[in-house]
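Trainee: Quick one: this structure, given as structure tokens, is what I'll be asking you about.
The values are calculated or read from the model by the stated rules, or taken from the named source; none is laboratory data. Note that the structure is a prediction, hence the values are computed from the model and not measured. Cβ sites come from the backbone with ideal geometry, for glycine too, and all protein chains shown count toward neighbours.
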Amino acid sequence: MPTLLFLGGWEWAIVLVVALLLFGGSRLAGVGKGMGRSIREFKEEVKGVEGDGATRHDEVVDAEIVNPEIDPRDRKPYEG
């Protein structure tokens, strides 16, 4: 069994203090905010899949396929 799951209260406090010292308060707050947003979006998507589909909104994304022009004189011969 992983020992990470069996950490007690003092061990978690030490881990949090070390994380705060390493990353700083603002970065940890940003990470927490991002995780909360990700969990919220995941829950919304799960509800959309489980529902009747009427609440589901398809997202349309504009994309452009770009093919770079390659000059055959710049290519190196294959050395295999």
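Trainee: Taking interchain pairs and intrachain pairs at least six residues apart, which have beta carbon atoms under 8 angstrom, with the first residue in the stretch 26-50 and surrounded by 10 or more Cβ atoms within 10 Å (Cβ to Cβ) and the second of a type in the set (Val, Ile, Thr)?
Mentor: What qualifies is Lys47/Thr55; Gly48/Thr55.
Trainee: Scan (1) modelled with pLDDT of 75 or more; (2) charged (D, E, K, R); (3) under 22 Å from the mean Cα position of the chain (by Cα) for the single condition Glu11 breaks and write down its number.
Mentor: The one condition Glu11 does not meet is (3).
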